[in-house]
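Trainee: Please read through the structure below; I'll follow up with questions.
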Amino acid sequence: MAVAAPVPDLADRATDCADRLREAGRALLASHIDADGITSAAIASSALARAGIDHEVVFEKQLDADSIAGIAAREFDVVLFTDFGSGQLDVIADHEERGDFVPVIADHHQPADRDTRYHLNPLLEGIDGASELSGAGASYLLARALEGPDGDNRDLAALAVVGAVGDMQDSDGELVGANESIVADGVDAGVLEARTDLDLYGRQTRPLPKLLEYASDVKIPGISNDEAGAISFLTGLDVDVKRDGEWRRWVDLDGEERQALASALMRRAVASGVPSDRIEALVGTSYTLVDEEPGTELRDVSEFSTLLNATARYERGDVGLAVCLGDRGDALAEARRLLRTHRKNLSEGLQWVKTEGVTHEDHLQWFDAGSRIRETIVGIVAGMAVGSPAVDRSKPVIAFAEESVEELKVSSRGSHALVRRGLDLSAVMREASQAVGGDGGGHDVAAGATIPIGERDAFLAEADRIVGEQLS
């Protein structure tokens, strides 16, 4: 039984792409290596397999002229790009014109000034790719279009939601726009549960004191970043917060206990003078993968996306892909090991930023970690720094780390309040990097670039000027 397309505006594009893939019989699937990219690859790979289309999967940290040439050298007639490709269409189209391969693209990033026939991107139909549909969402629409007469790929909506949350598309507490239709598909298929809940990271796995202590999005004095304060708050509640001497987790509490804890937390926030809009941010929509084991990081969408990110940051997209495709043995054990390493590195990176501090320009602030923070995680550290006292929230933060002897990796993070005032870091990164012989892009609230190693100061001057214009 055929089910209606989840996002009708993109249905024709999705069908066109699906028809071309079926015609090919064999394809190379190339995907971005982050949480959104890994889930995009898993969704597309599952759908191709179900449609009987032979394929191989490769991951790329970034898609540039060299990596596209490498993809062309593999001599596949058709290449499916997921979670990237739109921004590199200028280079991809040259290969297409030479007959190297036919590109099929399922992406949500800003397209370059060229086009190609098989191009599935929400921005082409006026749907916001930064907040309404992720790369995994675009892959999911393609997967739905690849269904046979009796096929049903709606179970893949669960991974599409992991990708969207991994891409920070739930930053206002829930998924919106086209993403909502995908959530509805997942709920209908019985793989996803969406409900209003306390919007703190770690509901499945963190003991209650850690859940509260590490919740840095909404700062509650005497609880946030305060282990003793969090414990004192919990022990003062009329809730059984321990069992057999062990701290319980949010997932272990029943409905009444959760309600009591959440209400007490709100009262404390009000009494501490936390602004009402920040208090509202304590509540959001939680997305639960109902087929996964309770109390594990795979059960909660945001914890699942963090696990995948950890595999990506250490160039092990293959491990993340295997977990998405159902490997609960060796691949999951390796992903968890990578996650432990990742957390340790993030914690050390953030400590370094707090110790060294940041340098302020007129309209932005920055730090240069050199080789002390891995270039694959410096952007996450920058994002964590935005939520810490080390950084001024009224300006975007730019972070540098060595990518190679010739190149510097640049990562930038802002806040949604700054975006509402006109900040677009995607434009800042693209224009400032191109002015010094590099390239970049991304989203309005988070973006990145690569620049020649000697051009840091020139890049900063240009970025500072552009941010100033945007926020004036």
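Trainee: Work out how far the C-alpha atoms of segment 102-141 reach from end to end along every principal axis, then list the three figures in whole Å, largest first.
Mentor: Over segment 102-141, Cα extents along the principal axes are 27, 20, 13 Å.
Trainee: Can you give the convex hull volume per residue for the Cα atoms of segment 225-347, as a whole number of Å³?
Mentor: Numbers: hull volume 18.9 nm³, N = 123.
With only Cα atoms used, segment 225-347 gives 154 Å³ per residue.
Trainee: Further question on the same structure: From the Cα trace of segment 69-161, what convex hull volume per residue do you get, rounded to a whole Å³? Before the final figure, lay out the partial values.
Mentor: Details: hull volume 10.3 nm³, N = 93.
Once divided by residue count, the hull of segment 69-161 is 111 Å³.
Trainee: Further question on the same structure: Could you give the length gained by full extension between residue 201 and residue 152, i.e. 0.36 nm per residue of separation minus their alpha carbon distance, to one decimal place? All intermediate terms of the calculation are to be shown ahead of the outcome.
Mentor: Numbers: separation 49, 0.36 × 49 = 17.64 nm, distance 3.16 nm.
Using 0.36 nm per residue and subtracting the Cα-Cα distance, I get 14.5 nm.
Trainee: Write down the Kirkwood hydrodynamic radius of segment 1-82, to one decimal in angstroms, obtained as one divided by the mean of 1/r over all alpha carbon pairs. Mind showing how you got there, number by number?
Mentor: Details: mean 1/r = 0.0731 Å⁻¹.
Evaluated over segment 1-82, this radius sits at 13.7 Å.
Trainee: Could you tell me what % of all Cα pairs in the chain have separations over 35 Å?
Mentor: Numbers: 34648 of 111156 pairs.
Counting every Cα pair in the chain, those more than 35 Å apart make up 31 percent.
Trainee: Moving to a separate point now. At 1.4 Å probe radius, can you tell me the per residue accessible area of the chain in Å²?
Mentor: Details: 19640 Å² over 472 residues.
Accessible surface, normalised per residue, equals 42 Å².
Trainee: I would also like to ask the following. Hey, what's the Cα Rg ratio for segment 50-118 versus the globular rule of thumb, 2.2 N^0.38 Å? Spell out each step's value before the answer.
Mentor: On the way: Rg = 11.5 Å, N = 69, 2.2 N^0.38 = 11.0 Å.
Output field value: 1.04.
Trainee: Which distance in Å, rounded to a whole number, links the C-alpha centroids of segment 99-139 and segment 288-353?
Mentor: If we compute the Cα centre of each part, the gap is 27 Å.
Trainee: Which of the listed residues, 140, 215, 166, is farthest toward the dipole's positive end in the chain, when Lys, Arg count +1 and Asp, Glu count -1 at the beta-carbon?
Mentor: Going by the Cα projections, it comes out as 215.
Trainee: Over its Cα atoms, what ratio of radius of gyration to 2.2 N^0.38 Å does segment 204-285 give?
Mentor: Working: Rg = 12.1 Å, N = 82, 2.2 N^0.38 = 11.7 Å.
For segment 204-285, the normalised Cα radius of gyration is 1.03.
Trainee: Quick check on the chain: helices-only [θ] at 222 nm, where DSSP H runs of length 4 and up contribute -39,500 (n - 2.57) each and the sum goes over total residues. Nearest 500, please.
Mentor: On the way: 18 runs with 205 residues, N = 472.
For the chain, the value works out to -13500 deg cm²/dmol.
Trainee: So what's segment 298-387 giving for Rg/Rh, alpha carbon basis, Kirkwood Rh from the mean inverse pair distance? Before the final figure, lay out each step's value.
Mentor: Details: Rg = 15.2 Å, Rh = 14.2 Å.
Expressed as Rg/Rh, it is 1.07.
Trainee: Taking all protein chains in place and a 1.4 Å probe, what share, in percent, of the accessible surface of the chain do carbon and sulfur account for?
Mentor: On the way: 8810 of 19640 Å².
Here carbon and sulfur together make up 45 percent of the probe-accessible area.
Trainee: Across 5 Å bins from 0, what is the distribution of all Cα-Cα pair distances for segment 357-471, in whole percents?
Mentor: Pair shares across the bins are 2, 14, 27, 28, 20, 8, 2, 0.
Trainee: Between the alpha-carbon centers of segment 19-50 and segment 255-278, tell me the distance in whole angstrom.
Mentor: Using only Cα atoms, the two centres lie 43 Å from each other.
Trainee: Taking a 1.4 Å probe, which of 362, 185 shows the most accessible area, and what order do the others take after it? All intermediate terms of the calculation are to be shown ahead of the outcome.
Mentor: Numbers: 362 120, 185 15 Å².
The residues order as 362, 185, largest area first.
Trainee: Rounded to the nearest 10 Å², what accessible area does residue 288 show when all protein chains are kept and the probe is 1.4 Å?
Mentor: Near enough 20 Å² of accessible area.
The values are calculated or read from the model by the stated rules, or taken from the named source; none is laboratory data. Just so you know, these numbers come straight off a predicted model, no measurement behind them. Cβ atoms come from the backbone with ideal geometry, glycine included; neighbour counts cover every protein chain shown. These area figures cover heavy atoms from the full protein model, side chains too; ligands, DNA and RNA do not enter into them. Shrake-Rupley method; radii C 1.70, N 1.55, O 1.52, S 1.80 Å.
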